[in-house]
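Notes for the one structure printed next.
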Amino acid sequence: MKRIFSSPIAALIAGLCLRLLFVLKFPANSGDTVLYEQIATNWLQHHVYGMNIQDQAVPVDMRMPGYPAFLALVYAITGAISGHVGEAARLWVMIAQVVMDLLTCLLVAWLASLLVLIVNDRARPQRVFIAGLWLAALCPFTANYVAVPLTEVWATFFTTAALLPLCVVITRAQNRWWRRSEQHWILGKDYWYLTGLAGLLTGLCTLFRPEAPLLLAAAWLVLGAILMAQRESLRWLRTVALMAAFCAVPLSPWTIRNTVTLHEFQPLAPRNSNLPGELVPSGFMSWEKPGCIAFATSIWSPGNLTKNP
């Protein structure tokens, strides 16, 4: 029994079984699912990144292009086998998401072992890796997302991947590891390749979720507190600039496309999910939100929930 729980293969098999249970027994969808499928189908079949409006594929920018690109890739691969796209191909999409989520479990375990080494260099990262892998593989709160065609699986993957170099960058800044690290054949005794990698992974995550740059903003605050205390303000500015530049690289084609096709500068998705040229009642929405929030708070407050009807 001990050999089973100490095996990463056993943890991945258990995680696979849990995810297949969600996919086969509890598949689901949402309003965004239909929109993503429509955009991906139009992109693949008509070469238009758009949604159907009055039976025409109209270019839009209301959703980031990462997940529609993933769907279009799955449709292109499986279409040759089954000829299915959209709703008919959801099973293939979910299976692909199962694979991605298991890769995320490996990244979570790697991150856990890295963090324990940062805290205590005498620790045994192998045990932490196995424990982290089991916890990630059997966590139902993330595993159930594989059964829904939404961006959460990819966002979790890239967020975890970006946290790995960010943790090393922050640790190196705190301990001044760059002054005694080995000579890099291009970058010298520094950690710029890690900051660039963190920015690039965050940029890829932004292609799926537009709020992903908040991860970099949090890292900038931590690095600023560390490096300012060491009077390394120039190093902090260089780090922030490099991360931002690499984060912008994956977003450049999307920004150029919106500028050329839709005649607007939009590196992210519109805040109000509006169509190009659609009137946004900003004043009404600003007036409406406080009232809606207050009403929802009053309805779902613990006192009202415990009252008898």
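Assess whether ILE53 counts as being under 23 Å from THR104 (Cα atoms) and surrounded by fewer than 17 Cβ atoms within 10 Å (Cβ to Cβ). No. Could you tell me whether TYR145 is open to solvent by less than 40 Å² (accessible area, probe 1.4 Å) and either modelled with pLDDT of 90 or more or not charged (D, E, K, R) (or both)? Here the answer is no, as TYR145 does not meet what is asked.
The single condition among (1) under 21 Å from PRO210 (Cα atoms); (2) of a type outside the set (S, T, N, Q); (3) open to solvent by less than 40 Å² (accessible area, probe 1.4 Å); (4) touching a helix residue (DSSP H, G or I) at 6+ places or on another chain (Cβ under 8 Å) that LEU107 does not satisfy is (1). For the range 119-142, what are the residues that are among the aliphatic types (A, V, I, L, M) and surrounded by fewer than 22 Cβ atoms within 10 Å (Cβ to Cβ)? Listed by number, the residues that qualify are VAL119, ALA123, VAL128, ILE130, ALA131, LEU135, LEU138. Considering the range 12-30, the residues that are within 23 Å of the chain's Cα centre (by Cα) and part of a helix (DSSP H, G or I) include one that is surrounded by the most Cβ atoms within 10 Å (Cβ to Cβ), namely ARG19.
With among the aromatic types (Phe, Trp, Tyr) and closer than 21 Å to THR206 by Cα as the only criterion, which of TYR75, TYR49 stands out? Among TYR75, TYR49, only TYR49 is among the aromatic types (Phe, Trp, Tyr) and closer than 21 Å to THR206 by Cα.
Residue by residue, here is whether (1) within 26 Å of GLU211 (Cα to Cα); (2) open to solvent by less than 40 Å² (accessible area, probe 1.4 Å); (3) in contact (Cβ under 8 Å) with a residue 24 or more places away in the chain; (4) not in a helix (DSSP H, G or I) holds:
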site	(1), (2), (3), (4)
ILE9	no, no, no, no
LEU35	yes, yes, yes, no
THR41	yes, yes, yes, no
MET62	yes, yes, yes, yes
ALA76	no, no, yes, no
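The values are calculated or read from the model by the stated rules, or taken from the named source; none is laboratory data. Please read all numbers here as calculations on a predicted model, not as lab measurements. Positions of Cβ are generated from backbone atoms using ideal geometry, with glycine treated the same way; all protein chains shown enter the neighbour counts. Note: accessible area is taken over every heavy atom of the protein model, side chains too, but ligands, DNA and RNA are not part of it. Shrake-Rupley method; radii C 1.70, N 1.55, O 1.52, S 1.80 Å.
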